[in-house]
Amino acid sequence: MTEQRSMFATAMRTHACGELRAPDAGTEVTLCGWVARRRDHGGVTFIDLRDREGAVQVVFHPEEAAEAHATAQDLRAEWVVRVTGTVRQRPDGMTNPALATGEIEVVAGELSIVSRAETPPFLIEDRVEAEEHLRLEYRYLDLRRPEMTSALRLRHHVTRLMHEHLDALGFVDVETPLLGRATPEGARDFLVPARVRPGTFFALPQSPQQLKQLLMVGGQDRYYQIVRCLRDEATRADRGFEFTQLDIEMAFVDEEDIFAMIEPLYARIIAETQGVEVPTPFRRMAFDEMVDRFGSDKADLRYGMELVNLVDLFTGSGFNAFAKVAADGGSIKALCAPGGGSFRMRTTAWAAGGAGLCRVEFASQRQSGERPKSPTRARAFEREPVDRRTSTDFCARRRHVVPGGVRPSLQRMIAMLVAGSPQWLRRDFRRFLKFALDQRRGTTFDAIVNSHNR
């Protein structure tokens with residue numbers, strides 16, 4: 001029987017370091033990789049040899065391979081070496097369950113140094129404590145860490161699932177040009193000067209909006225592209241100058257067709273990458289309802305702390321700061337935070353766009369049967385049931401509510417979020433589109449499905 005050849009086999013190696021397992025015991029292998037660490041025990045030298053697939057322990061015995069053992073004394077971290085040896089089971093009590101290759105080790109017979117390296121500026125491991133700017137300066141070292149490899153693999157897995165899912169539905173992957181003309185979209189274009197035509201410029205695409213419309217008019221029915229988008233705009237927490245998006249266009253459909261095509265794709269991605277089954281179809285919630293109840297159009301539904309509308313309580317009240325907002329048709333919301341009596345969220349409210357935050361603390365009224373003396377506060381107390389050491393934060397604003405920005409911060413501080421399956425939610429975009437147009441934020445919106453697995 002012919003022994004199966006490893007997919008990682010090349011002219012320089014027979015296997016990858018991280019793919020060896022107990023059934024490979026007795027096999028002669030040649031490995032190439034980076035020295036993660038070296039240690040000596042009683043004259044025997046051990047190294048952890050690492051490549052993209054993982055690490056394996058290599059043993060150098062002075063009696064069995066004197067020359068290789070002598071060479072191993074000079075090895076340092078991140079040197080690249082080539083080792084030939086035999087795979088064997090580790091002795092009883094010496095296995096390492098934290099390592100995928102922890103049941104075996106390679107007894108070296110030959111060792112050659114492929115490349116020497118200077119001492120790295122930080123340890124190449126997941127628990128790295130180096131500052132980010134140092135990691136970026138030595139990005140090629142940072143990429144060797146298993147955490148970075150896992151991130152690259154995850155992205156590869158997700159894009160592969162996208163290709164498989166959309167191909168099965170008859171979509172065609174079309175690559176569109178990067179160099180084009182500036183388009184009147186929401187952000188500024190990056191401009192590229194044309195050397196052969198002085199004074200003229202190409203614009204890098206913010207998105208392939210016009211090109212995919214051209215494909216639809218050209219009869220190309222179902223198009224998709226995993227595409228780079230570039231926008232010369234201020235960076236945000238979830239977007240930089242360039243990002244990748246799944247761009248889809250379909251002809252002769254309505255929004256239900258879009259949802260029926262996208263939702264199974266999201267569910268499959270989560271199931272195959274996170275091991276969590278996501279039921280479809282996703283729960284629906286109108287934009288107005290979501291903003292009214294949670295103060296955000298990307299609400300996390302895994303905990304309570306819903307917003308309560310108190311406009312009617314402050315209309316005509318003696319609290320002029322809120323009464324004026326109520327008279328002008330603004331929004332007054334309360335957020336009940338069980339156990340949050342000691343928290344101060346005013347700075348968070350400012351960051352969310354509010355002028356400030358009022359609060360009422362109920363430390364003992366529930367126990368003694370007392371009620372707040374102010375009539376307005378008493379009515380708020382009856383509407384928002386509270387327990388001991390509970391605070392209710394009030395915020396007023398002429399437009400959409402600020403407590404939506406305070407709510408996630410309070411949740412993190414109170415640690416109310418429970419472990420479990422993510423709540424998937426589909427937003428009804430019809431009212432959102434009207435709001436966006438009223439706010440002059442744009443004129444076109446694609447169908448979007450949002451996950452809330454933070």
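Here is a yes/no grid of residues against (1) over 21 Å from the mean Cα position of the chain (by Cα); (2) loosely packed, with under 15 Cβ neighbours inside 10 Å; (3) at pLDDT 95 or above:
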position	(1), (2), (3)
E103	yes, no, yes
E110	yes, yes, yes
S115	yes, yes, yes
T119	yes, yes, no
L123	yes, no, no
E132	no, yes, no
R145	no, no, no
H157	no, yes, yes
L161	no, no, yes
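Could you go through the stretch 56-66 and let me know if any residue there is on the phi > 0 side of the Ramachandran plot, within 33 Å of the chain's Cα centre (by Cα) and assigned by TED's automatic domain parsing to the domain that holds E110. No - not one qualifying residue is present in the stretch 56-66. Sort out which residues of the stretch 178-213 are hydrophobic (A, V, I, L, M, F, W, C), part of a loop (DSSP other than H, G, I, E, B) and at pLDDT 90 or above, and write them in order of number. Selection gives L178, L179, F190, A194, V196, L204.
May I ask you to verify whether T159 is of a type in the set (S, T, Y) and assigned by TED's automatic domain parsing to the domain that holds I47? No: the conditions fail for T159. In the stretch 37-89, the qualifying residues are those that are of a type in the set (G, A, S) and surrounded by fewer than 20 Cβ atoms within 10 Å (Cβ to Cβ), and the one that is nearest to V107 (Cα to Cα) is A66.
Tell me yes or no: at least one residue of the stretch 66-74 is assigned to a strand (DSSP E or B), touching a residue at least 40 places away in the same chain (Cβ under 8 Å) and of a type in the set (S, T, N, Q). No, the stretch 66-74 has no match at all. H15 fulfils the conditions (1) outside any strand (DSSP E or B); (2) within 18 Å of V80 (Cβ to Cβ); (3) in contact with a His (Cβ under 9 Å, 6 or more places away or on another chain); (4) of a type outside the set (S, T, Y) except for a single criterion, (3).
Checked against (1) among the charged types (D, E, K, R); (2) within 17 Å of A16 (Cα to Cα); (3) in contact with an Asp or Glu (Cβ under 6 Å, 6 or more places away or on another chain), E78 meets all criteria but (3).
Scan the stretch 7-36 for residues that are crowded, with 16+ Cβ neighbours inside 10 Å and of a type in the set (G, A, S) and the total you get is 4.
Within the stretch 214-233, is there a residue that is part of a helix (DSSP H, G or I) and either over 26 Å from T159 (Cβ atoms) or of a type outside the set (A, V, I, L, M) (or both)? Checking the stretch 214-233: at least one residue is part of a helix (DSSP H, G or I) and either over 26 Å from T159 (Cβ atoms) or of a type outside the set (A, V, I, L, M) (or both). Against the condition at pLDDT 95 or above and under 39 Å from the mean Cα position of the chain (by Cα), how does H15 come out, does it pass? Against the criterion (at pLDDT 95 or above and under 39 Å from the mean Cα position of the chain (by Cα)), H15 qualifies.
The values are calculated or read from the model by the stated rules, or taken from the named source; none is laboratory data. Small disclaimer: the values here were computed from a predicted structure and weren't measured. We place every Cβ from the backbone using ideal geometry, glycine too, and count neighbours over all the protein chains shown.
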